[in-house]
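Please treat every number below as a calculation from the coordinates, not as lab data. Bear in mind the structure is a predicted one, so any value in this text is a computation, not a measurement. Here the Cβ positions follow ideal geometry from the backbone for every residue, glycine too, while neighbour counts run over all protein chains shown.
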Amino acid sequence: MFGLLKKSAKKGSGIAIGVGPSAVYFVNKNSKEGFVRKDALDNTERLKVISDYLSEIGASRSLRVSLVLLKGLYNVIQIDKPKVPDEELPSAIPWAIKDFVQDQVSNLAVDYIDMPKSPSYPNDKIMVVSAVKSLIRSLISTVEAQAVLDIITAEEITLADLYNADDEHPHLMLFQPNGYELSLVAIWHSRIFLTRTLRGYSDLPRYLPGAVSTEILDNMSLEMQRSIDYMVAQLKLPSPKLLTIALDCQDNQSIADYLSQTFSFTVNVIGEETGKQSMAYLPLVAVLDRKDES
């Protein structure tokens, strides 16, 4: 394994860097300009943006950096855990996902986390995260040239750190930074148990308050119901009772009100946690908050 999902137990001030396909995001709690976004369309630009930012803030070997891969730079796959001895898992898992990834497995950095089990869901499932090795190595080298790399993780993994999930019921989350498709995420036992892309909602960030139509909300609730039915019928999970709205949309409250009435969910709308910044920063805030609580 490559340590893609390694966690730090160390506390201390630091920054989080989110690396996406077209931009790099920075969250620095000790800076007046706490949230920074820099365009970067390829890996050469990403590395330069990171190096320049670390130089600008006067990074040193005492600065601890959390690195978060954002959607589009990694794959996440849920599979049955290979039935091999633990010492053979690092070599077995890449071949178990070879039919689900485009790159050759020999070119991928791969890691996994165990999925939660319960009397209603006893199977051994794992969530596998993979990314191109050359990308990971270049990011590590760039950060460690000026600071200490504390954590490497993936966007969806960090979202589970936002909540102490109800052990009896999964916690649903609608997550969409501007420029991305809408994602439905199920968190259970502080793990991401299911993630699904709901396509056709990329325009949500453009809507003004009160502008999201009933037709859009009906279609969204139908897609959510299909996912809930799958969770309950196929994965044998309890029905969810909680929903978090984390969208770059000015009409979040209308969406929350509609879904609350449709599903009888308890609904939480995220906004203040990122200082009303883009939801793209939320995984970075989550990983820093987790460190602070370690």
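Could you tell me which residue out of Pro94, Met115, Gln104 lies farthest along the dipole of segment 80-129 toward its positive end? Charges go on the beta carbon: Lys and Arg +1, Asp and Glu -1, centred on the Cα centre.
With unit charges placed on the Cβ atoms, the residue in question is Met115.
I need Thr244, Thr44 ordered by Cβ neighbour count within 10 Å, fewest first. Provide the component values of the computation, followed by the final result.
On the way: Thr244 22, Thr44 10.
Exposure proxy ranking, most exposed first: Thr44, Thr244.
Quick check: net charge around Asp86, other residues with Cβ under 14 Å of its Cβ, Lys/Arg +1 and Asp/Glu -1?
So the environment of Asp86 carries a net charge of -2.
Exposure proxy check: Glu33, Glu45, Glu144 ranked by fewest other beta carbons within 10 Å?
Fewest-to-most ranking of Glu33, Glu45, Glu144: Glu33, Glu144, Glu45.
Projecting each Cα onto the charge dipole of the chain (Lys/Arg +1, Asp/Glu -1 at the beta carbon, about the Cα centre), which of Val68, Ala16, Leu54 comes out farthest on the positive side?
Leu54
Just how many pairs of Lys in segment 112-269 have C-alpha atoms closer than 24 Å, counting pairs that are eight or more places apart or on different chains?
Taking the Cα cut-off of 24 Å, the pair count is 5.
Project the alpha carbons of segment 80-129 onto their principal axes and report the range along each, largest first, in whole Å.
For segment 80-129, the Cα extents along the three principal axes come out at 37, 22, 15 Å.
With +1 on each Lys and Arg Cβ and -1 on each Asp and Glu Cβ, how big is the dipole of segment 163-278 about its Cα centre, in debye rounded to the nearest 20?
280 debye
In Å and from the alpha-carbon atoms only, list the Rg and Dmax of segment 163-278.
Computed over the Cα atoms of segment 163-278, radius of gyration and Dmax are 13.5, 39 Å.
Need the list of aspartates and glutamates near Lys38 for cross-linking: C-alpha distance under 16 angstrom, and skip anything on the same chain fewer than eight residues off.
The reachable aspartates and glutamates, counting only those whose Cα sits under 16 Å from Lys38, are Asp52, Glu56.
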